[in-house]
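Remarks on the structure that follows.
The values are calculated or read from the model by the stated rules, or taken from the named source; none is laboratory data. Quick caveat: nothing in here was measured; it's all calculated off a predicted structure. FYI the Cβ positions are ideal-geometry reconstructions off the backbone, even for glycines, and counts take in every protein chain you see. Please note that ligands, DNA and RNA were not included when accessible areas were found on the heavy atoms of the full protein model with its side chains. Shrake-Rupley method; radii C 1.70, N 1.55, O 1.52, S 1.80 Å.
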Amino acid sequence: MKVLGLSFGFHDSAAALLIDGRIVAAGQEERFTRIKHDAGFPHRAIEFCLRQAGISITEVDRIVYYENALKKFDRIVWASTVRELQKSTGGLRDRALALWNAATKPDDVPPYLKSVTHSWFKLNKFDAVGKISDELAVSRKIVAYVDHHDSHLAAAFYTSPFYQAAIVTMDGVGEYETAVIAVGRGSEIERKLAINLPHSIGLFYSAFTAFLGFEVNEGEYKVMGMAAFGQPKYYDEVRRLITLRDDGGFEIEQSCFEFLTPFDLPYTKEFLRRFGEPREPEAEFAAQRSDLPEDLTDMEAARVLSSSRHYADLAASVQLCTEELVLHLVAKASAIAGTRNVCLAGGVALNSLANGRLIREGGYNLFVHPAAGDAGNAIGAAASYYHRAAKQPRMQGLASPYLGSPLDTAEVEAAVATSGFDAVRTYSSNEALVDHVAGLLADGAVIGWVQGQAEWGPRALGARSILADPTNPAMKRIVNERVKFRELFRPFAPAVTAEAASQYFDFKTNVTAGAPEYYMLAVHPVRAEMKGVVPAITHADGSARVQIVTAASNPTFHGLLRAFERRKGVPILMNTSFNLRGEPMVDSPRDAIRTFSISGIDYLVLGQTVVSSRVEL
Amino acid sequence: MKVSAVFPWEPSTPVEILRQEIEGVRTHFAEANANLAFVAPEARLATFRTLFPELNIAAVPRKFAADEHVVLLESYHEMEGYSAHWQSGDRASQAGATVSSIKFSGRMVPYKRPWSSNELQNMDASVFNQLSPREPWGFYYFPFGYLFRFLGMGPINSFGCRITHSIRDLARRDKDHKVVACFGGSAGWSMFCLHHQMYTELLQQHLNAYCKERNLELQFTVLNLGQHGHVVMNEMLTYMNFCWDLKPDIVVAHDGYNDAMYGQICDPRMLDGLDMIYQENLEGWSQILHQTADTPRTQHSLPYRLVNQPVRVLKSYAKRKRQFAQIVRSNGGMFIWGLQPVASSRKKRSPLEAGLLRHNRNPDHAPMAANVEGMFRILRQSLKLDDDTPFVDCDAAMSTYRPDRLILGDEVHLMPEGDVLLARLYADAIVSAYIEKGRWREASQ
Amino acid sequence: MADDARLRRDLQGEVDRLVAECKASGLDNAARYLADNRTAVVEIAIKARSEPKTRDLPSPFVYSMQ
């Protein structure tokens, strides 16, 4: 049975193809269109999946969309009604109610609802089935949809290695739901608890993300990075906003937030009254005087340091409260399910600090779907349909995160030929390649590394990575300034061989394949005695978001780590995603060359071909 | 003629912008010996009098006269952008006055009236002008490239260049009279500067002042042959068409941005096989001329797709510019390789500059513009020039220059203070490489 | 003009179908909003569907990078 799962329309469009229970291909649209978080119809991701499987669209048995569009619209109307009634009193309240009767002019419709109505008609969001049918020229009869959190539940559980597990999904909002606890056993998923809007962990975190000057649905990682520079001084104020329920649920106090009709900012004046002025986007951040330009006056430097500390403390407070929320939900889910196996999905599952605590403190056997956000729902939608509607036996779990575009030798040759670069060398074997590249890394080079099939999910795992020497304390600044142009508080993550991980990091490292550490989705402490050995990947709070690499999970990358170890005595590399700020991870050789061209990367490795950045003009 | 310049209603317009607009009014009416008066709305009198005590600002009159020329200084609000002062303008129009508005760059344009025949310059200067629409701005067909007409910023010649000299007369100059011909795109045209503010005018002043101070028997004339949209190939064509007999003693090629931008989106077959970078929009001319609108071109629709790699583009750009240098040298001139500044290289800027950048940025250019800073970095690291070819890196100089001042008006066009720096940079290069090294003596034959 | 009338008819039909589907699915909020504000919703929809789906390249007459 061939099932094509699709997510599109709101965030991170993607397509995934399931054939007889096996994930054959999955791709996120942004990687092909080069539009970050592309939410458009995933034409190119679909083409990729079909091409990878060697089939045409006419051979697909079912196409499944990842949410119930009309139910979502129903929620939007409900939320607008609630908000309008809350805003109005007396005669105005009557008028608000009267608005629901025979508004003849568009301007009589509340602005948020009018804007959404306009957008939904323009993009034909009401009829996702019809849209898919039209775009792919297929019959409506083969198109189905599943609820948003059912997609997340399926993505979390069915791709896990567990026969039985507690499942927790947490995000901004789907149709009405923002979090669900369920129990998975075999092919069955049984829902136990659902939390609805306006109580949402994802929106809660995003509100603080916006307040801290970052872009929502993009900057949440930055909040985590900033948190390491602060202390949770505002824990009490933030914690006051959350009520944890005995049944595992939670409530968020709404006076500070605008979750119902988010036209502009997701927080209110009351929020500002409690937490002060928002941080300006791109405002300078510094943890110490030496981070700042020398010519800055002492007064200005003091202002920046004080402001940085304040916002870092707030980030730390929000992060701590979020972790508690997640631990609370997971504890209840585990108790209900009667197992320590836990599967997570939904955007909040990408909170690697929370995941690390679940593993170390909770002792859970954790599985996090690598594309835990909405892109992963392409797999989730297909998997949900496959098991629940089509009643198929339990599918194979995720064997590898490398589900994306393969690296084609002919494509590499063509891309290099039109690149403008002249200093190119192709190696005849992987052994010779990794040995050479390890030497370049040991000499301080920053390498763009493109191998095999691209990663599924937001983390670079050695297929589309930028690599550098983690033992060089200057390397973090070098990569930030020359390549990534990121804020100084963003840490860089390590990739480490599985056999050496326990020497460097403080967590139970004999993890099963597919554990969060394989997908770089958990943060753990760097061992105290190793912080000075790998300073470039040790964050301000002594932690690192670890990727474990085995010879089985990624032989070439593992080989490179071993080759680097032979030179520098450390089987760890700094591993960051191969993209510049503001663009998606590279996918094709052409993308890689373009990004490489204008970055400060020293060498580009495409398969067994190494391109030097040296140019003669 | 009475001219009334009306201050805007919004008091929030930054003083730097108002100053440029006032300069625009003075410049446009200088030759007419106009009786210039400054007026402001009653409620704003105190504010503007404090800012401009030298102007003797009166209240806006209740009535304007029919023979008056009323000029509205555009306001600029951080959030809303620009707007002309509508009420006064409408009242003045109703009274029969001639009404214009002055933009933040100093450009003067008609307000709710057609351009007058005086204002429409050069419409009949050649058949290609006559055949073109009688519009105040736009690209027009010209068989050896194109001409771009942009009115309202001061005098232009029949080919759209900001030149008031007779090139034919200059070709017959004395041996001690040196000509510097400056090429480039619209940033080189100094799109946000009035005529006397252009870097070419200031460069001329610097060079002549230098010679006078040292009693050198030299005179410099600097010509601005910049034109909107020009890539290096256009610069070469312009040189061949207009400068061959002129034999400029020095040529400044102040460019980079257009080649970097267009190079990424033009036909790869033109780039890879022929090192030809051209304005991608010229494909539209082909479609119009040959009625082939249904035939696909390199770009189908917006947004732009990047089809050529940055380093490949740089190679073609560098090759063509070396070709240009060779042509110039073969005709007896010294070639100066200028790299124009771009906003993305400038990491710190004033809030006003940031606001203007936000308002004036063209989002459709973003995919290409994102690569330009990196391309310029590769260029400066990798370009190998001989000692006879000075390299003036205006981009590097501008990147850290006076972050508190208004230097750029958008991604690539300089405000008057930016042109002040440009003039200084090129003056230093010419003094060092041409005057002090005595090259002017070799050429005086 | 005929196109405008056809678009209006099509969208009225589409809104009516949406109302029916929402009612059948128990989505009362959406059904009520679309039904009770049908006139305004259709106007909003007409404006939305009249906007071009792709953006044309600029005319060569008016355009350059700089």
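For B:Arg329, work out the one condition from (1) within 11 Å of another protein chain (Cβ to nearest Cβ); (2) assigned to a helix (DSSP H, G or I) it doesn't fulfil.
Looking at each condition in turn, B:Arg329 falls short on (1).
Scan the range B:302-312 and tell me whether some residue there is in a loop (DSSP other than H, G, I, E, B) and within 20 Å of B:Phe139 (Cβ to Cβ).
yes
Give the range B:119-140 a look and list any residue that's more than 14 Å from chain C (Cβ to nearest Cβ), at pLDDT 75 or above and assigned to a loop (DSSP other than H, G, I, E, B), or say none.
B:Glu119, B:Leu120, B:Gln121, B:Asn122, B:Met123, B:Asp124, B:Ala125, listed by residue number.
Any residue in the range A:537-548 that is surrounded by fewer than 20 Cβ atoms within 10 Å (Cβ to Cβ) and within 14 Å of another protein chain (Cβ to nearest Cβ)?
Checked the range A:537-548: no residue is surrounded by fewer than 20 Cβ atoms within 10 Å (Cβ to Cβ) and within 14 Å of another protein chain (Cβ to nearest Cβ).
Run down A:Glu499, A:Glu565, A:Glu517, A:Glu529 and say which single residue is open to solvent by less than 30 Å² (accessible area, probe 1.4 Å), over 30 Å from B:Arg305 (Cβ atoms) and of a type in the set (Asp, Glu).
Exactly one residue qualifies, and that residue is A:Glu517.
Out of all the residues in the range B:243-261, which are in a helix (DSSP H, G or I) and either touching a helix residue (DSSP H, G or I) at 6+ places or on another chain (Cβ under 6 Å) or without any contact (Cβ under 8 Å) to a residue 40 or more places away in the chain (or both)?
Scanning the range B:243-261 gives B:Asp259, B:Ala260, B:Met261.
Does A:Arg581 meet the test of being crowded, with 24+ Cβ neighbours inside 10 Å, among the charged types (D, E, K, R) and either in contact with a helix residue (DSSP H, G or I) (Cβ under 7 Å, 6 or more places away or on another chain) or within 14 Å of chain B (Cβ to nearest Cβ) (or both)?
Here the answer is no, as A:Arg581 does not meet what is asked.
Spot the failing condition for A:Arg482; the list is (1) part of a loop (DSSP other than H, G, I, E, B); (2) surrounded by fewer than 21 Cβ atoms within 10 Å (Cβ to Cβ); (3) touching a Gly at 6+ places or on another chain (Cβ under 6 Å), and only one is missed.
Among (1) part of a loop (DSSP other than H, G, I, E, B); (2) surrounded by fewer than 21 Cβ atoms within 10 Å (Cβ to Cβ); (3) touching a Gly at 6+ places or on another chain (Cβ under 6 Å), A:Arg482 violates only (1).
Restrict the check to the range B:353-360 and report whether at least one residue is within 26 Å of A:Ser599 (Cα to Cα), among the aliphatic types (A, V, I, L, M), assigned to a helix (DSSP H, G or I) and within 14 Å of another protein chain (Cβ to nearest Cβ).
Among the residues of the range B:353-360, at least one is within 26 Å of A:Ser599 (Cα to Cα), among the aliphatic types (A, V, I, L, M), assigned to a helix (DSSP H, G or I) and within 14 Å of another protein chain (Cβ to nearest Cβ), which makes the answer yes.
Only one residue in A:Val605, A:Val610 is in a strand (DSSP E or B) and closer than 28 Å to A:Leu398 by Cα. Which one?
Matching residue, one of A:Val605, A:Val610: A:Val605.
Please state which one of B:Trp189, B:Trp137 is under 25 Å from B:Val232 (Cβ atoms) and open to solvent by 50 Å² or more (accessible area, probe 1.4 Å).
Going through B:Trp189, B:Trp137 in turn, the sole match is B:Trp137.
So which residues in the range A:584-603 are touching a residue at least 24 places away in the same chain (Cβ under 8 Å), hydrophobic (A, V, I, L, M, F, W, C) and within 11 Å of another protein chain (Cβ to nearest Cβ)?
Those that are touching a residue at least 24 places away in the same chain (Cβ under 8 Å), hydrophobic (A, V, I, L, M, F, W, C) and within 11 Å of another protein chain (Cβ to nearest Cβ): A:Ala592, A:Ile593, A:Phe596, A:Ile601.
Name the residues in the range B:283-300 that are out of contact with any helix residue (DSSP H, G or I) (no Cβ under 8 Å at 6 or more places or on another chain) and either surrounded by fewer than 18 Cβ atoms within 10 Å (Cβ to Cβ) or hydroxyl-bearing (Ser, Thr, Tyr) (or both), would you?
Those that are out of contact with any helix residue (DSSP H, G or I) (no Cβ under 8 Å at 6 or more places or on another chain) and either surrounded by fewer than 18 Cβ atoms within 10 Å (Cβ to Cβ) or hydroxyl-bearing (Ser, Thr, Tyr) (or both): B:Trp285, B:Ser286, B:Gln287, B:Ile288, B:Leu289, B:His290, B:Gln291, B:Asp294, B:Pro296, B:His300.
Can you give me the number of residues within the range B:28-80 that are more than 27 Å from the chain's Cα centre (by Cα) and open to solvent by 60 Å² or more (accessible area, probe 1.4 Å)?
Selection size over the range B:28-80: 14.
Looking at (1) within 14 Å of chain B (Cβ to nearest Cβ); (2) open to solvent by 60 Å² or more (accessible area, probe 1.4 Å); (3) modelled with pLDDT of 95 or more, can you tell me which one A:Asp443 breaks?
(1)
Those residues that are open to solvent by less than 40 Å² (accessible area, probe 1.4 Å) and more than 21 Å from A:Ser80 (Cα to Cα), I need them from the range C:1-52; list them, please.
Within the range C:1-52, C:Leu11, C:Gly13, C:Glu14, C:Ile46 meet the criteria.
Across the range A:51-83, what is the number of residues that are open to solvent by less than 30 Å² (accessible area, probe 1.4 Å) and among the acidic types (Asp, Glu)?
Residues in the range A:51-83 being open to solvent by less than 30 Å² (accessible area, probe 1.4 Å) and among the acidic types (Asp, Glu): 2 in total.
Name the residues in the range A:249-295 that are small (Gly, Ala, Ser) and open to solvent by 60 Å² or more (accessible area, probe 1.4 Å), would you?
Of everything in the range A:249-295, just one residue is small (Gly, Ala, Ser) and open to solvent by 60 Å² or more (accessible area, probe 1.4 Å), namely A:Ser290.
So that you can scan it fast, the table gives a plain yes or no per residue for (1) touching a His at 6+ places or on another chain (Cβ under 9 Å); (2) open to solvent by 20 Å² or more (accessible area, probe 1.4 Å); (3) in contact (Cβ under 8 Å) with a residue 24 or more places away in the chain:
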position: A:Gly346; (1), (2), (3): yes, no, yes
position: A:Leu350; (1), (2), (3): no, yes, yes
position: A:Leu366; (1), (2), (3): no, no, yes
position: A:Pro370; (1), (2), (3): no, no, yes
position: A:Ile379; (1), (2), (3): yes, no, yes
position: A:Tyr385; (1), (2), (3): no, yes, yes
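Which pairs turn up if I take residues in the range B:170-186 that are touching a residue at least 24 places away in the same chain (Cβ under 8 Å) and acidic (Asp, Glu) and look for partners that are in a loop (DSSP other than H, G, I, E, B) and surrounded by 15 or more Cβ atoms within 10 Å (Cβ to Cβ) with beta carbon separation below 7 Å, at least 6 apart in sequence or on another chain?
That search, which allows pairs on different chains as well, returns B:Asp176/B:Leu218.
Within the range B:332-347, count every residue that is open to solvent by 10 Å² or more (accessible area, probe 1.4 Å) and over 23 Å from the mean Cα position of the chain (by Cα).
Going through the range B:332-347 one residue at a time, the tally reaches 1.
Can you name every residue in the range B:400-417 that is within 14 Å of chain A (Cβ to nearest Cβ) and of a type in the set (Ser, Thr, Tyr)?
Across the range B:400-417, the qualifying residue is only B:Thr400.
Give, as residue ranges, the helices (runs of 4 or more DSSP H) completely inside the range B:381-445 that count at least 1 residues that are more than 20 Å from B:Trp337 (Cβ to Cβ) and of a type in the set (A, V, I, L, M, F, W, C).
Result: B:416-430.
Would you kindly identify the helices (runs of 4 or more DSSP H) lying entirely within the range A:214-310 that contain at least 2 residues that are without any contact (Cβ under 8 Å) to a residue 40 or more places away in the chain?
Qualifying helices (runs of 4 or more DSSP H): A:269-275.
Name the residue, out of A:Ala39, A:Ala15, that is touching a Gly at 6+ places or on another chain (Cβ under 8 Å) and crowded, with 21+ Cβ neighbours inside 10 Å.
Going through A:Ala39, A:Ala15 in turn, just one is touching a Gly at 6+ places or on another chain (Cβ under 8 Å) and crowded, with 21+ Cβ neighbours inside 10 Å: A:Ala15.
Hey, which of the helices (runs of 4 or more DSSP H) in the range A:97-181, taking only ones fully inside, have at least 2 residues that are within 14 Å of chain C (Cβ to nearest Cβ)?
In the range A:97-181, A:111-122, A:128-136 are the helices (runs of 4 or more DSSP H) which contain 2 or more residues that are within 14 Å of chain C (Cβ to nearest Cβ).
Among the residues of the range B:132-148, is any over 25 Å from B:Gly185 (Cβ atoms) and not charged (D, E, K, R)?
No; the residues of the range B:132-148 include none that is over 25 Å from B:Gly185 (Cβ atoms) and not charged (D, E, K, R).
Of the numbered conditions (1) out of contact with any helix residue (DSSP H, G or I) (no Cβ under 7 Å at 6 or more places or on another chain); (2) more than 30 Å from B:Arg441 (Cβ to Cβ), B:Arg173 fails exactly one; give the number of that condition.
Every listed condition holds for B:Arg173 apart from (2).
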